[in-house]
Amino acid sequence: MNNSETFSECEKKVLIICGLLKITKNKNVQKKTILKKFPQKYQEQGKKAIDSLLKRGYLAFYRKPDNLQVTPRGRNVTFKFAEEEKSNLYPDLNILFVV
């Protein structure tokens, strides 16, 4: 990821969802599956975020216009954001494993 690349909160959420679902170029996901993870009041922003990521080259269509895949460029970013999300979600998990 370039240092000049910035993402909105909704774009980050879409990339985190793709990272947690382990979406690759061979494993795809439908738009509605990603949008199910958004609260109802953010559905429209989620659609705009997906379109923005498609235009920027982080997501791509897979066979059908409703199916999405993560491009190799986006794969690095999704893994990074997903790992950050996991570490923020369970910050004290390492302590439990040590004890």
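Quick notes on this structure:
- Matching residues, region 40-70, being in a loop (DSSP other than H, G, I, E, B) and surrounded by fewer than 19 Cβ atoms within 10 Å (Cβ to Cβ): G57, R63
- Selection count, region 28-78, where residues are touching a Ser or Thr at 6+ places or on another chain (Cβ under 7 Å) and β-branched (V, I, T): 1
Rule-based calculations on the coordinates, nothing more; no lab input. Keep in mind the model is a prediction, meaning the values are calculated, not measured. In this analysis, Cβ positions are derived from the backbone assuming ideal geometry, glycine residues included, and neighbour counts consider all displayed protein chains.
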